[in-house]
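Asks: The structure that follows is given in the form of structure tokens.
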Amino acid sequence: MDAGPHDANHHDAGHGDTARDAGIVGTGGTGTDTGRAGRGGSGGAGGHAGGAGNDGSTPDATRIPADASPPDAGPGDDAGHGDAGTTPPYVGCHAPVTSTRTTRSCPKGKPVALKLTSMLAKAGGYFPLFVTYAPHDARNRLFVVYQTGEILILENGRFASTAFLDLSASVYIGDGVGEAGLLGMAFDPDYEVTGRFWVNYTAPSATTAITPRTIVESYRVSANPDVADPTTRLPLLAFDQPEANHNGGMLAFGPDNCLYIGTGDGGGEGDLHASPQCPNGNGQCLDTELGKILRIDVDHPDVGAPGNLVSAGVPHIWDYGLRNPWRFSFDRATGDLYIGDVGQDAWEEIDIEPQGVGLHNYGWRVTEGKHCATGAGSTSGSCTDHGVDFPYTDFTLPVYDYPHTDAPNSPGADSIIGGYVYRGANIPSLNGYYVYADFGSSLIWAVAWSGSDVCGPPIPMLYMANPTSFGEDADGELYVTSFSGGIARIDAR
């Protein structure tokens, strides 16, 4: 079965603007992407003025060129927040730097019992799909992404009366219970200078009424820090989806200050949307954006970011062989990338790669988890379990997988919801544990990684009916959203 909020086909026609042709959208500007006042706060009064009317493709004057020698982006650097007076000069997207300063090890004990502290939920509407924060935000606001196209600010237990950004007129959501809609958001690491952020959503396709089109584009904040300026829209990436599900949707900046984008395999069952250039499906094809982790230099999007897969027909591929990496995240202490890839009929998987070590083929549609894929679209051939005699070379098997039939430990499991490694201060015993969930079982788990393997079986920690996503605040505390519309913070009991 294809179950869960990220595994269903929906065919209601959406509404909104027509998207552009597939691929990277050019950087020619329209004069609407205005500059932004520079840094202020404890680092000094004022700052500098951004250039007015540029097209968004030129870095701000304070930004060090990406080809300059990058600072050490290794473990221990807090990419989330900090004092403007002590923040090192910002460097744009640069070649990946491998981690050398932290030895990964298993936590010394198990986490304490946890609880969910309910936050204010939006009345009516559809579902919250993501929670995030703006870097260097002294107010510690939460930005809540809704499937319908709204981004709302949650501050001190209250939603702002006006949406930060409302894309509901442009977003395709089908019947509202599937995998389309406004799916992701990421702030520029240098947001306090540039005021830029990116969104990932599905729009109506220009060619068919029943399948969406993936759009990634940027906006800038207005003079009011609680409201974005919709006229600063700058397209970054656009491509058609064969079906309405498996859209991925996650956006996150890595330790290298490149933008990472998760894309599904195009939907349906078994990655069946093969083409002459992709006879083995989209996951294994290097000539499509589908079934990938993409990596883009947002200041120079027309070329591949340094360190990407150079042999690919698409210049933005970092990892491939993925089915639907609905949620991924970077460990803010080590820079390691954690990917929750939603399975098909049998296995859910967690993929982990050390900071700066990408270019992995995770095996789909030949493998599902650590096992040969079966069912519709399977191309497993002579594939056998656990990496022996694969028909293709250089597959990277997941660090951990779990079956849909894992009752009673995880009854009803069907769609992994990737989370975060906890690095907050409120729950010391949870530090270093990766917190994730499953939509079908409604269980929230914690598991740790030693750098080579998991540190014992995952520990069931919480129950939340049909969780849809996790999020972090500036301090590294974790939040979870649910299909029922709820938002909760994870606290010690």
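A short reminder: the numbers here are calculations on the coordinates, not readings from a lab. Here the structure is a predicted model, which means the values were calculated and not measured. Glycine gets a Cβ as well: all are built from the backbone with ideal geometry, and neighbour counts include every protein chain shown.
Asks: Whose amide H sits under 5 Å from the amide H of ILE487, counting only residues 5 or more places off or on another chain, with H placed in the peptide plane?
Replies: MET119
Asks: While we're looking at this one, here's another question. In what order do SER484, SER469 fall by count of nearby beta-carbon atoms within 10 Å, going from fewest to most?
Replies: SER484, SER469
Asks: Would you please put 314-324, 145-155 in order of how densely packed they are, using the mean number of other Cβ atoms within 10 angstrom per residue and starting with the highest?
Replies: Answer by packing, highest mean first, reads 314-324, 145-155.
Asks: What list do you get for ILE490, ILE352 if you sort them by fewest beta carbons within 10 Å?
Replies: ILE352, ILE490
Asks: Cut-off is 10 Å between beta-carbons; in what order do VAL227, VAL480, VAL399 appear when sorted fewest neighbours first?
Replies: VAL227, VAL399, VAL480
Asks: Let me ask another. By the scheme Lys and Arg +1, Asp and Glu -1, what is the net charge of all other residues having a beta-carbon under 13 Å from that of GLY432?
Replies: With Lys, Arg at +1 and Asp, Glu at -1, the neighbours total +3.
Asks: Please list, ordered by chain and number, the residues whose modelled amide H lies under 5 Å from the amide H of HIS246; skip anything fewer than 5 residues away on the same chain.
Replies: Residues meeting the criterion, in which the H sits 1.01 Å from N, are ALA8.
Asks: Oh, and also: Mind ranking 158-169, 331-342 by how tightly packed they are, going by the mean number of other C-beta atoms within 10 angstrom, highest first?
Replies: Working: 158-169: 16.2, 331-342: 25.1.
Result, highest mean first: 331-342, 158-169.
Asks: At a 10 angstrom cut-off on C-beta neighbours, averaged per residue, how do the peptides 295-305, 241-251, 134-144 rank from highest to lowest?
Replies: Order by mean packing, descending: 241-251, 295-305, 134-144.
Asks: Can you compute 3J(HN,Hα) from phi for each residue in region 248-263, using the Karplus curve 6.51 cos²θ - 1.76 cosθ + 1.60 with θ = phi - 60°, rounded to whole Hz and x for Gly and Pro?
Replies: x, x, 6, 10, 7, 7, x, x, 8, 6, 8, 8, 9, 10, x, 10
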